[in-house]
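To start, the structure itself, in structure tokens.
The values are calculated or read from the model by the stated rules, or taken from the named source; none is laboratory data. Values in this document were obtained by computation on a predicted structure and should not be read as measured data. Note that each Cβ is placed from the backbone with ideal geometry, even for glycine, and that neighbours are counted across all protein chains shown. These area figures cover heavy atoms from the full protein model, side chains too; ligands, DNA and RNA do not enter into them. Shrake-Rupley method; radii C 1.70, N 1.55, O 1.52, S 1.80 Å.
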Amino acid sequence: MSQQPSVILATASYDHTIRFWEAKSGRCYRTIQYPDSQVNRLEITPDKRFLAAAGNPHIRLFDVNSNSPQPVMSYDSHTNNVMAVGFQCDGNWMYSGSEDGTVKIWDLRAPGCQREYESRAAVNTVVLTPNQTELISGDQNGNIRVWDLTANSCSCELVPEVDTAVRSLTVMWDSSLVVAANNHGTCYVWRLLRGTQTMTNFEPLHKLQAHKGYILKCLLSPEFCEPHRYLATASSDHTVKIWNVDGFTLEKTLEGHQRWVWDCVFSVDGAYLITASSDTTARLWNLSTGEDIRVYQGHHKATICCALHDGAEPGPS
């Protein structure tokens, strides 16, 4: 077993590879060939042990600390591109969303899919609420649905803009806000209010015209970024914009990518952002200056997704 790096940074590309990078030096230290399909999304388990790669139509789990090119597990019951993947905070189960119109839950300690929810349209994005009891999905027809995991049903439906695909969803770490970004460059922001029951109510707070192009990813800053609260929006207009959540004023525009920016992820303290772009590169940005301080070069085609885990692992496992 090799010594585990404290910062796990991975990217995936249309060149059918997944690459692991030394975040500071920019050196690629491991490449996994992924011949079966493109990889749409990467996510690292909370304990930093595994990397999930969402492909078409499977999800593969790779060991972060081995050099084996083979996945340790494959999850296979989706029937089309898997566009979203993530983990419950203890790492006991995984969730996914696919263009086959379903949201699924997988127990990582058992084979097969444990639960399935029907969105009836291609699912582009799924997020888990911080209390770990609801999944929120966004689909190609513009529907946002809240799936109550306790009641095992859809507890809420929203359509911010009819027939405008919801590309990305993000929830504030304290569950106070949810943001949905769409194909018209618009972000819809709601306050999340708890009703008398467990039902979540969405109170419209703001509509932000963030970009002229598509927004491919929106992301709210993490807890350790407090008292600052930011929203990052990555766009087909080649830029990423950083918005102050207090009033939704523009703080910084990150310029440097030459093509679409598909994905972004904050460092654990919210001081840095990693981005992935069709220009084949990933970049590390210092958000206090808005400058890119590292370029990760090695992919031969569009870099579609990135994953970063630079925080502490949760308590003793």
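Observations
- The H on the amide N of S168, modeled in the peptide plane, is under 5 Å from the matching H of A181, each at least 5 residues off or on a different chain.
- Sorting 108-115, 219-226, 25-32 by average packing, meaning the other beta carbons within 10 Å per residue, from highest down gives 219-226, 25-32, 108-115.
- Measuring nothing but how far apart in sequence close Cα pairs (under 8 Å, 6+ apart) lie, relative to its length, segment 169-225 scores a relative contact order of 39 percent.
- When its C-alpha radius of gyration is set against 2.2 N^0.38 Å (N residues), segment 52-115 gives a value of 1.06.
- Calculated on alpha-carbon atoms, Rg and Dmax of the chain in Å: 18.1, 53
- Spacing of the modelled spin labels on D76 and I293, each 7 Å from Cα toward Cβ, amounts to 4.5 nm.
- Cα pair distances of segment 138-206 binned at 10 Å [whole percent]: 21, 53, 25, 2
- Rounded to the nearest whole Hz, the Karplus-based 3J(HN,Hα) values (6.51 cos²θ - 1.76 cosθ + 1.60, θ = phi - 60°) of segment 240-248 follow the sequence 10, 10, 10, 10, 7, 5, 6, x, 6, with x at glycine and proline.
- Radius of gyration and maximum dimension Dmax of segment 87-228, Cα, Å: 14.7, 45
- Distances between placed amide hydrogens fall under 5 Å for R41 paired with A54, all partners being 5 or more residues away or on another chain.
- Neighbours of I215, meaning other residues whose beta-carbon lies under 11 angstrom from its beta-carbon, give a summed charge of +3 when Lys and Arg score +1 and Asp and Glu score -1.
- Ellipsoid semi-axes for segment 267-317, based on the Cα gyration tensor and the rule √(5λ), read 23, 16, 7 Å when sorted largest first.
- Applying 1/(1 + (r/R0)^6) with r as the Cβ-Cβ distance of D269 and T31 and R0 = 35 angstrom yields a FRET efficiency of 0.75.
- C-alpha center-to-center spacing [segment 116-177, segment 9-67] in angstrom: 25 Å
- Rounded to whole numbers, the Karplus 3J(HN,Hα) couplings from phi for segment 27-44 are 7, 7, 10, 7, 10, 10, 6, 10, x, 5, 6, 6, 9, 8, 7, 10, 8, 9 Hz, using 6.51 cos²θ - 1.76 cosθ + 1.60 with θ = phi - 60°, and x at Gly and Pro.
- Violating pairs (Cα-Cα greater than 26 angstrom) within the set K24/K207; K207/K301; K104/K217; K24/K104: K24/K207; K207/K301; K24/K104
- Percent accessible area from carbon and sulfur atoms, segment 59-137, protein chains only, probe 1.4 Å: 46 percent
- In percent, rounded to a whole number, the relative contact order of segment 1-141 is 14, using alpha-carbon pairs under 8 Å and six or more apart.
- Computed over segment 79-144, Kirkwood Rh from alpha-carbon pairs, angstrom: 11.8 Å
- Computed P(r) (all Cα pairs; segment 195-317; 10 Å bins; percent): 13, 41, 30, 14, 3, 0
- Computed from point charges on the beta carbon alone (+1 for Lys and Arg, -1 for Asp and Glu), the dipole magnitude for the chain about its Cα centre is near 480 Debye.
- Principal axis dimensions, segment 9-106 - Cα atoms, whole angstrom, descending: 40, 31, 21
- Environment charge of V72, counting only residues whose C-beta is closer than 9 Å and scoring Lys/Arg +1, Asp/Glu -1: 0
- Whole-Hz couplings from phi, Karplus 6.51/-1.76/1.60, listed for segment 90-95; x for Gly and Pro: 8, x, 7, 9, 10, 10
- The packing ranking, built from the mean of other Cβ atoms within 10 Å per residue, places the peptides 163-174, 273-284 in the order 273-284, 163-174, highest first.
- Probe 1.4 Å, accessible area per residue of the chain, Å²: 42 Å²
- Using a cutoff of 8 angstrom between alpha carbon atoms and counting only pairs six or more residues apart, the relative contact order for segment 187-317 works out to 16 percent.
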